[in-house]
Amino acid sequence: MNVVQISDWKIYLRDGEQFLQTAKSAHLKKKKGFSPEALYNLTCMGIEKLIMAFLMKNGDLAENHTMEDLLRAMDKHLSPDNDIGDKLRYLDSFQEICELDSYIAKKPTCDEIKKILQIGDDLHYHLAPHIY
């Protein structure tokens, strides 16, 4: 099968890495302008961009952009990794933005932020051999 890459996947890769680096740096430097919610959102945007870069490089897109949807699309191209899957589902547990009637947003604790940032690193490490 001949894969036709979707243009601009490298932009998504660059943006994803920048979002993750910004979140990690802000957390390490204890930047007051970055609340736990902001760090969560930056990390999730970075993860979304990395997965989209991977998918676009492989000529694919996700149906939607929840972590579960991104995982399902990613698993079409890679052997499913239960550890990564569990981590992405964990991220989905903080916000349920797709249901208008039952919008849920949970503020991450400091310990959860550490775990969330680690998930970003883990996903980057997981996808790196398939992107670079």
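Per-structure values
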quantity: Cα-only Debye scattering, the stretch 9-131: base-10 log of I(q)/I(0) at q = 0.19, 0.22 Å⁻¹; calculated: -1.03, -1.32
quantity: Debye, to nearest 20: dipole size of the chain, +1 on Lys, Arg Cβ, -1 on Asp, Glu Cβ; calculated: 780
quantity: Anchor residue 32: aspartates and glutamates whose Cα lies under 18 Å away (excluding residues fewer than 8 positions away in-chain); calculated: 111, 112
quantity: Protection proxy ranking of 49-56, 3-10, 121-128 - average other beta-carbon atoms within 10 Å, highest first; calculated: 49-56, 121-128, 3-10
quantity: Cα→Cβ-extended label distance, 7 Å offset, between residue 115 and residue 83, nm; calculated: 1.6
quantity: Net length gained if the chain between residue 38 and residue 125 were fully extended (0.36 nm per residue, minus Cα distance); calculated: 29.1 nm
quantity: Cross-link table 31/115; 29/107; 10/30; 49/87; 29/115; 31/107, entries beyond 26 Å C-alpha to C-alpha; calculated: 10/30
quantity: Extension gain, residue 64 back to residue 21 (0.36 nm per residue minus Cα-Cα distance, nm); calculated: 13.0 nm
quantity: Computed E for residue 104/residue 75 - FRET, C-beta separation, R0 22 angstrom, nearest 0.05; calculated: 0.35
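Bear in mind these aren't lab numbers, they're just calculated from the coordinates by the rules spelled out. Fair warning: this is a prediction, and the values are worked out from it, not measured in the lab. FYI the Cβ positions are ideal-geometry reconstructions off the backbone, even for glycines, and counts take in every protein chain you see.
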